[in-house]
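Nothing in this text is a laboratory measurement; each read-out follows from the coordinates by a stated rule. Since the structure is predicted, the reported quantities are computational estimates derived from the model, not experimental observations. Positions of Cβ are generated from backbone atoms using ideal geometry, with glycine treated the same way; all protein chains shown enter the neighbour counts.
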């Protein structure tokens, strides 16, 4: 049996085994999720919050932007508090104050250390004790102590004022980057309180039979007894051991395996004389659209970052009245997915006919219809999100057309379904073009099949987001959300890109087909070994069982293993740029691939592993350390790769047209330098400051205005401006490059038409 067949079998085993684990643990999450009781009651049986209140409150939370305004269980945005940690801290302080006055007739701060310690112990006994009771009618009730009910009433009054327009809390709203009247309906604010309380209750209430909470003792808050569990510590240590072992084995494999010598490059560009098909020509508008969305994303990113220091204004202009933080951040994160996906989808539509040499009937029409559909979905979903956050929709309409509240899949359910339909159309178009290539037996068939399989996964796996219903328990919603974000974006797009790059390099005659087969199959196996189950590192503290921590910690470490050799890949790719004189045409495309390798190592590898071990993520989930990894990995890896793929396709589309390499050189260096500046001059330092604050005082403090709006942090946020400006120049240079190509194409077309007319006359 050949090496490629063995690797293919290994890939199939990895896929089956990984999805078996994911689905098995998912079924455990369904069984062991934090319960939503029929009612929370006081000692007299009077309901405080009902199940319906909590479910409707979740819809209210989603309508205001959900994850885009603060966070729940550590997931969401970074300027406003984590509402779970904030509620727990406020409730604990209110409980201690009420009890201190009742027992000692003094404020809690005035008590001696022994008295304070005694009350804090009583606080933990009250808050952590699980009082869930099931009735004979399969209804569940949770009884709360009178002291706790009084404390809850204080917190609810605070939030009723905060999410409204109470002038007394205007300054706090500005610090949280909340617009005035975030939730205009008072009854909706009351429902929101029910949901926020339930999230905090799950984070402080111990699971039946265990000494840790439904969220595995997250967030860190010693006062209420939320301390790291043994699972957090043990599996973190074992994950580091796994990482070291995996890197050692991979380096051994790399050193022992013979590398096939590179072929002699062709004298002429193999792609130079290939005439683009009508459907390939139609793909050009995808790349123009991608860069347009990229520029818009950059603009919104600058506005969103500015809200961290001036929460309701943009240099004095009351911008939050029109574009509140929750809208700008929604669009910023969503457009990152949209523009990169558009570039990659365009690449798929371009590469499919190139591989098969076959142009299906009506392919060009399909490409144009799909582009129009994508534009409608992008603009329509953005409009819906704005209308939802501005509270123009009722809760049901918001779910369908407005803001779903979950980061990266914020678009309303109707837009979500339409996007899935668009992806399926894309898959159908790619299948129609690629089908002849799948049937031909040649040296590149394994890579072509890997590429096609990744296209199928891209087309189908976005549908995982539809498993989240209108009232899905938050633990269930997070499980399926990360199927989309991690598996779809970080998983199968990676496989797609690896395959496309390999095929392009083989087509250019720069690597041998046999070598490409082995490299693609092996790297896919290695990546998916950790990448699929590694999804679980997002779910450590989202109401899941502790087995999620064990599986997630080990396999998240394995995610980093293949990145240890990424430097070799980068250097080999870098050398290819001068393999032949005609390679100058692909110089900057290859340079963007090199940048992808660099950021894969730094952003996904180093900064990713910084937050992956459970004990690390326990303290820094939802701090700016997360934003550090997100920017470096998402833009550094997927963004740079999207630009590189786009440039390869444009080279084929433009033929012998002379490119302005000054634009590309400027864009390459400003994008990379700007990204590095915003990550290492601002985001990472802010994250480190918050890390220390969390350890010293508790997680709630790291997300409080005392830290976020401290002089040090605000100065670090201003430092981001340097990186933002440099990065923005890079985006503008990419746009200038495309505009220059379009101008040259129009001039060339006009010249050809004039020449044809002259020949006709003669």
Quick check on the exposure proxy: order 135, 433 from fewest to most C-beta atoms within 10 angstrom. 135, 433
Within region 603-642, find all residues whose amide N lies under 19 Å from a label point positioned 7 Å from the Cα of residue 696 along Cα-to-beta-carbon. 619-621, 623-625
Can you tell me the 0 to 90 degree angle between the C-alpha axis of helix 513-531 and the longest principal axis of the chain, rounded to 10? 0
Using a simple spin-label model with points 7 Å from Cα along the Cα→Cβ vector, what separation in nm is obtained for residue 414 and residue 299? 2.6
Can you pull the one-decimal nm distance between simple spin-label points at residue 706 and residue 104, each 7 Å off the Cα toward Cβ? 1.9
Starting from the Cα-Cα distance between residue 547 and residue 237, subtract it from 0.36 nm times their residue separation and give me the gain in nm to one decimal. 110.0 nm
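Would you please give the FRET efficiency between residue 165 and residue 661, computed as 1/(1 + (r/R0)^6) with r the Cβ-Cβ distance and R0 = 51 Å, to the nearest 0.05?
Using R0 = 51 Å, I get an efficiency of 0.40.
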Evaluate E = 1/(1 + (r/R0)^6) for residue 317 and residue 392, where r is the Cβ-Cβ distance and R0 equals 25 Å; express this FRET efficiency to the nearest 0.05. 0.65
Would you mind pulling out the separation of the Cα centroids of region 211-249 and region 399-428, in Å? 35
Taking the chain as the reference, fit the longest principal axis to its C-alpha atoms, fit the long axis of helix 186-204 to the helix C-alpha atoms, and give the angle between the two in degrees, 0 to 90, nearest 10. 90
Mean separation of Cα contacts under 8 Å (6+ apart) over length of the chain, as relative contact order %: 17
So what's the angle, to the nearest 10 degrees on a 0 to 90 scale, between helix 363-389 and the longest Cα principal axis of the chain? 20
Enter the Cα centre distance for the pair region 1-78 and region 440-510, rounded to the nearest angstrom. 21
Treating every alpha carbon of the chain as one equal point scatterer without solvent, the Debye formula yields log10 I(q)/I(0) values at q = 0.06, 0.11 Å⁻¹ of -0.38, -1.21
Please list the radius of gyration and Dmax for region 231-659, considering alpha-carbon atoms only, with Å as the unit. 22.0, 65
Taking 0.36 nm per residue of sequence separation and subtracting the Cα-Cα distance, how much length would be gained by fully extending the chain between residue 746 and residue 206, in nm to one decimal? 187.6 nm
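Work out, in µm²/s and without decimals, the Stokes-Einstein translational diffusion coefficient of region 290-449 at 10 °C, 1.306 mPa s, Rh from Kirkwood over C-alpha pairs.
Stokes-Einstein gives a translational diffusion coefficient of 90 µm²/s.
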Under 8 Å for C-alpha pairs, at least 6 residues apart: give me the relative contact order for region 231-659, rounded to a whole percent. 21
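Run the helix sum for the chain: -39,500 (n - 2.57) per DSSP H stretch of 4+ residues, divided by residue count, reported at 222 nm to the nearest 500 deg cm²/dmol.
Result for the chain, helices only: -22000 deg cm²/dmol.
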Least to most buried among 204, 14, 241 (fewest other Cβ within 10 Å first): 241, 14, 204
Working out 0.36 nm times the residue gap between residue 310 and residue 153, then minus their Cα-Cα distance, what length gain in nm do you get to one decimal? 53.4 nm
7 Å from Cα along Cα→Cβ at both residue 44 and residue 460: what's the point-to-point distance in nm? 5.8
What FRET efficiency comes out for residue 449 versus residue 358 if R0 is 22 angstrom and r is the Cβ-Cβ distance? Round to the nearest 0.05. 0.85
